[in-house]
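Undergrad: Dropping the structure in here first, questions after.
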Amino acid sequence: MFGPVSTTGYQATFEELGTPLRDVTFVVVDLETTGTRASEGGITEIGAVKVRGGEKLGEFQSLVNPGQPVPAFVARLTGITNAMVATAPDIEKVLPSFLEFAHGAVLVAHNAPFDVGFLKAACERLDYPWPGFPVVDTVPLARKVVTRDEAPNHKLATLARLFRAEVAPDHRALSDARATVDVLHALFDRLGAMGVTHLEDLRTAADPVPPEVRAKRHLADDLPEAPGVYLFRGPGDEVLYVGTSTNIHKRVRSYFTAAEKRRRVTEMVRIAERVTPVVCATPLEAQVRELRLIAEHEPRYNRRSKHPERAVWVRLTDEPYPRLSVVRDTTSGLAHIGPFGGSRAAKEAVAALHDALPLRQCTARIARVPRVPGSPCALAGMGRCSAPCVASDGPDVAYDDVSAAARRVLDGDPSPVVQALSARIARLAAQERFEEAGEVTRRLRTFVHGAQRAQRLDPLARCAELVAARPAGVAGAPGEPGGWEVVVVRHGRLAGTAVSTRGQDPLEVVSAVRATAESVAAPVAPSPASHPEEADLILGWLDQPGVRLVVVDGELTCPVRGAAAHADLAWAADRVREEVAASDHEGHPDVTPSVPGVRAAGTPTDLSDATPGPPSDGIPADPAGGSLPDEPLEGGGRAERVELVERVEVGLGEPGLVDEVAEQPGIPQERERVGPL
């Protein structure tokens, strides 16, 4: 079972809360230079004031010999002449003293890129490492809180007059630094009313965030820096939004900054009143809890995963003459693919199957031998249905072959459908009917995705218990190195999770998690006993490097020649290349095509010695542009892929071989295992 849900009573540490501005040591610095470019000019004066909590701790001031003449206009502006800096120390002597003075502090400057840029350039010329000071620029802060009605601009002199600074800036380093201190404190007073009270707040204080949003930053103050789920709650304790993160505190704080650009989420933050954290042991538990909480509360500002009941399946019905049907629930003993996110996607998969298999599309239930013959439909006239409704003399045996082929396609090898639609896509592309080719491609991709998903979910749903573990603290896994992240899954539902520490016996943790894990009733496979997306998350976690299976109660298998082998639609690409090459060759008969098995224009194509494709399973020709009888797939498509997949099957006991094969292009990345693990 999961750990208890913690919604109240959490005491955040000082590190999680951040550093209050009153406890931060600031060094306000100002430079006078010979020019505006750090790469060309030199520093003539450094002035700095160290403050903390509103009190002055010290000052630093020194003229600097820039090593070049001071321009006349600079001398008139600052009053610093060549004679004044002629006897001043070089930057080699002044810079180390300043860096020592500012050590461990936050640098503050008015137009900080200018001053910091000169300091960095001086460090680079002297081969000094830049200490990496945090930097605060008062210019963008002033633009945030000082309106044009108050001041015509945001120059230091203008702000000093507005805030009645004790020292007027006069283009000398120390005087300007002192004036900047007064301006900084005045800006802090205004920013405090906007919720900027900690050093971490200053990093985003100048972002274009509405004041009412920024004022709610305090909602994140008491949140933990741990993986888990957070719930934004509004008036009446309504759950407005549910999210997950590996660091709840940092993620929630980002909602009050310019990093959050979603209009609906900003609207949600405006009406939020508090945030409830749910600390989780692992990121996987956090993702699962998020799905369950979204399904439970249906927050109005969450868009995904709110309605798992809308998921649908495509099923071959249990009738004398089966047909395809879009259903909400699975039925034991029948072939299914899915689930799909909605009926539209499911109907596209059905259309793909109908393009390849002459299944009947009427919805009436037909007896094995109808008493009264029906009237054949247009599909029967096109040869795309054997019309069992008119078989009054006896059962339609031909339709039995079609339904058996459909069952094999849905349960195992979808290659007949993939091959038939690939051929059709290729013909349409060769005829430059690209929109129709795109439509068929979308149907094929939807079908393959649904078949692949069902084949992955089915073994997980049938597995009564699966216990897996991966090393902690490695490749993003939670915990410290030396421990283990343990997961208990029952019928596709996360039933428990825990993390062992270094030196702790992981088998004891496994026993404890299994003993306290949630009891889960067996579902009707391939539907898992959870939200389908939860099962997908579990499968994704199991596919991560380093995961080890500890206990498997049942069989965890996937068909080697299943839908995963066609996820990249490589067959369709091969057929398109063949058809395009043949089409180009028809226009250039003197050019020999590069595609094997394609002869010169006007010469019949000889495919008798080509690599045979999968069995046709009774797929008829379609002169109207639909399915055609099985043809060999050449160009390295079918033959190479079958060979490599068989190598995966043979090399299951040889991890090196499996890894070698899996790294080759075109090989499915799904785990393809045979038999009990």
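The values are calculated or read from the model by the stated rules, or taken from the named source; none is laboratory data. Remember, predicted model here, so these are calculated numbers, not experimental data. As a convention, Cβ positions derive from the backbone with ideal geometry for all residues, glycine included, and neighbour counts pool all protein chains shown. Remember, those area values only see protein heavy atoms, side chains included, never the ligands or the DNA or RNA. Shrake-Rupley method; radii C 1.70, N 1.55, O 1.52, S 1.80 Å.
Undergrad: Go over the candidates Val509, Val551 one by one and state the one that is within 25 Å of Asp458 (Cα to Cα), at pLDDT 90 or above and of a type in the set (Val, Ile, Thr).
TA: That would be Val551, the only listed residue that is within 25 Å of Asp458 (Cα to Cα), at pLDDT 90 or above and of a type in the set (Val, Ile, Thr).
Undergrad: Here is a check on your reading of the model: is Ala142 in a helix (DSSP H, G or I), in contact with a Phe, Trp or Tyr (Cβ under 6 Å, 6 or more places away or on another chain) and under 27 Å from His218 (Cβ atoms)?
TA: For Ala142, the condition - in a helix (DSSP H, G or I), in contact with a Phe, Trp or Tyr (Cβ under 6 Å, 6 or more places away or on another chain) and under 27 Å from His218 (Cβ atoms) - is not met.
Undergrad: Need a quick list: helices (runs of 4 or more DSSP H) entirely within segment 170-285 having at least 1 residues that are open to solvent by 60 Å² or more (accessible area, probe 1.4 Å), among the acidic types (Asp, Glu) and more than 19 Å from Val28 (Cα to Cα).
TA: Output list reads 211-214, 263-271.
Undergrad: So the check is Cβ under 6 Å with 6+ separation or different chains; which pairs have a first residue in segment 244-256 that's on the phi < 0 side of the Ramachandran plot and a second one that's open to solvent by 40 Å² or more (accessible area, probe 1.4 Å) and not in a loop (DSSP other than H, G, I, E, B)?
TA: Sorted first by the residue in segment 244-256, then by its partner, the pairs are Thr244/Gln287; Ser245/Arg251.
Undergrad: From Leu57, Leu95, Leu77, which residue is in contact with a Ser or Thr (Cβ under 9 Å, 6 or more places away or on another chain) and not polar (S, T, N, Q)?
TA: Leu57
Undergrad: I would also like to ask the following. Which of the residues that make up segment 482-506 are of a type in the set (D, E, K, R) and modelled with pLDDT of 95 or more?
TA: Arg490, Arg493
Undergrad: Report, by residue number, each residue of segment 106-141 that is more than 37 Å from the chain's Cα centre (by Cα) and more than 20 Å from Glu32 (Cα to Cα).
TA: Across segment 106-141, the qualifying residues are Asp127, Tyr128.
Undergrad: Filter segment 118-154 for residues that are basic (Lys, Arg) and either in contact with a His (Cβ under 6 Å, 6 or more places away or on another chain) or closer than 27 Å to Gly195 by Cβ (or both) and give the result.
TA: Scanning segment 118-154 gives Arg143, Lys144, Arg148.
Undergrad: With the requirement that a residue be under 17 Å from Gly41 (Cα atoms), more than 54 Å from the chain's Cα centre (by Cα) and not aliphatic (A, V, I, L, M), what does segment 80-105 give you?
TA: Thr81, Asn82, Pro89
Undergrad: Just give me the residues in segment 495-541 being touching a residue at least 60 places away in the same chain (Cβ under 8 Å), open to solvent by 20 Å² or more (accessible area, probe 1.4 Å) and of a type in the set (Asp, Glu), in sequence order.
TA: If the condition is that a residue be touching a residue at least 60 places away in the same chain (Cβ under 8 Å), open to solvent by 20 Å² or more (accessible area, probe 1.4 Å) and of a type in the set (Asp, Glu), then Glu518, Glu533, Asp536 are the ones that fit.
Undergrad: If you don't mind, there's one more thing I want to ask. Filter segment 554-571 down to the residues that are among the small types (Gly, Ala, Ser) and buried (at least 19 other Cβ atoms within 10 Å of the Cβ), then identify the one that is modelled with the lowest pLDDT.
TA: Out of the qualifying residues, it is Ala570.
Undergrad: If the requirement is being open to solvent by 60 Å² or more (accessible area, probe 1.4 Å) and either in contact with an Asp or Glu (Cβ under 9 Å, 6 or more places away or on another chain) or in contact (Cβ under 8 Å) with a residue 40 or more places away in the chain (or both), which of these qualifies: Arg407, Arg456?
TA: Arg407
Undergrad: Moving on to the next point. Identify all residues within segment 410-421 that are open to solvent by 10 Å² or more (accessible area, probe 1.4 Å) and modelled with pLDDT of 90 or more; write none if there are none.
TA: Once the filter is applied, which keeps residues that are open to solvent by 10 Å² or more (accessible area, probe 1.4 Å) and modelled with pLDDT of 90 or more, segment 410-421 yields only Asp413.
Undergrad: Hey, can you tell me all the residues within segment 108-138 that are of a type in the set (Phe, Trp, Tyr) and either open to solvent by 30 Å² or more (accessible area, probe 1.4 Å) or part of a loop (DSSP other than H, G, I, E, B) (or both)?
TA: Matches in segment 108-138: Phe114, Tyr128, Trp130, Phe133.
Undergrad: Would you mind stating whether Asp574 is open to solvent by less than 60 Å² (accessible area, probe 1.4 Å), farther than 30 Å from Gly496 by Cα and modelled with pLDDT under 90?
TA: yes
Undergrad: Also, I was wondering about something else. Assess whether Arg161 counts as being loosely packed, with under 15 Cβ neighbours inside 10 Å, among the charged types (D, E, K, R) and part of a loop (DSSP other than H, G, I, E, B).
TA: So Arg161 does not fit the description; no.
Undergrad: List the helices (runs of 4 or more DSSP H) that sit entirely inside segment 37-105 and contain at least 2 residues that are open to solvent by less than 20 Å² (accessible area, probe 1.4 Å) and farther than 27 Å from Thr25 by Cβ.
TA: Per the criteria, 72-78.
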